[in-house]
Structures are given as structure tokens and as C-alpha cells.
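Beneath this line is the structure, given in C-alpha cells, with notes to follow.
What follows is calculated from the coordinates using simple rules that are stated; it is not laboratory data. Here the structure is a predicted model, which means the values were calculated and not measured. Ideal geometry is used to build each Cβ from the backbone, glycine not excepted, and the neighbour counts take in all protein chains shown.
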Amino acid sequence: MKSISYGNRTDEKAQAPISGTRTIGVSELARILGISRERVYQLEREGKIAREPDGKFDLDKVRADLNRNLDIRQKSPARGDRPASIGGDEATNPLGVSGANTLAGVQLQHEIAKAMKAQLEVKRLKGILVDAGQVKQEVSEMISAARSRALVIPSKLAPLVAHETDVRACHAIIEREIKAFLTSMAEYRPAT
């Protein structure tokens, strides 16, 4: 094997880089990409970037590899050449953001979702939007109160109607009590 000199060191294992490309070490790659050296090693272990035969990294290839690896719909032999999403566009892009298969698109989706969540929270605070569980609880309480009041009507009316011989008078007593019941239900306000 041919000995190649880089700067003031000689590397017996190194091979000449492919002509026209510049290879760089881990520290320089980390500095250029704005990440730590440990992250460079992690990306290499994960197979997201690869070293050249000289043991260094080709910056152009690393950037292309990283761009490809950040594409969530990429084809990969590890995935059997299938897109990463199984649920289709609606599952991976529920907000309809164009370019959602890129890091920027995913970040945009995230920001849109956060804004939508904030809008819902504002509506909730203004009382425009209410919690479904709370509504169910209040309706349940209202039905329970109506049932309790309705079940009292016969006990309340029986002594009054028993002494009446006039049908119209019985009708008036019952009608008055039903109207009072309905009025109380219309004015019902759940405890807050």
C-alpha cells in the first residue's frame, strides 16, 4: 500500500481521496455542520453518514446523505424499499403542508399544530369552546335533577286532586304543577 502524507503526518492505511473531492476529519465535519463530534460518531454508527476509504468524510456526500436521511419518505433497503409512512398522506401530513416530507415541512406542520392548539386554548378561556366531558357531566346532572323533580309531582298532587270532584279543577291543578316544573327546568343552572 502506498504511503500518503497529510500535513506533517504519514498514514499507511490512508488511500488517496477520489480526485476532485475534499475529505475532512471528524472535528472539522462537526464544526462545519454545527454538531458535536459525538453526534458525528452517532450518525456514522446509525449508518446515516459514511467515511471515505481514507478514513475521512466527503463533506458533499455527508450533506447529501443527511438531506436524504431527513426525508421521512425516503426509500431504504432496511425498510424494504417502501415509503416510511404506511397511513398515506393524511397520516403523515394531516395539515396539508406542502413539502411535509422534509425536515422543514415537518417543522412547519409542528408550528401550525402549535398555533391551532393555542387558538383552541384561547377559545376555551373565552368560554366559546367547552370540554366535552364537562358538558356530559352537566347534562347528566340536569337529567338527574329533572328526574328527581318529576318523581315528586305525583306525591305532591295526589292529596290536592283527591278532594276535587270537578275534572276542570283537577286539570288546572295538574297543569299548574307541570308548568311550574317546566319553568324550574328552564331556569336550571348547574353548579359551577
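What's the local net charge at Leu129, with K and R +1, D and E -1, over the other residues with C-beta under 10 Å away? My count for the surroundings of Leu129 gives +1.
Between Lys179 and Lys123, what is the FRET efficiency for a Förster distance of 45 Å, r being their Cβ-Cβ separation, to the nearest 0.05? List each step's numbers first, then the result.
Numbers: r = 37 Å, r/R0 = 0.83.
It comes out at approximately 0.75.
Cβ-Cβ distance of Ala146 and Ala172, R₀ of 25 Å, FRET efficiency by 1/(1 + (r/R0)^6): the value works out to about 0.60. Counting Lys and Arg as +1 and Asp and Glu as -1 over every other residue whose Cβ lies under 12 Å from the Cβ of Cys170, the net charge comes to -2.
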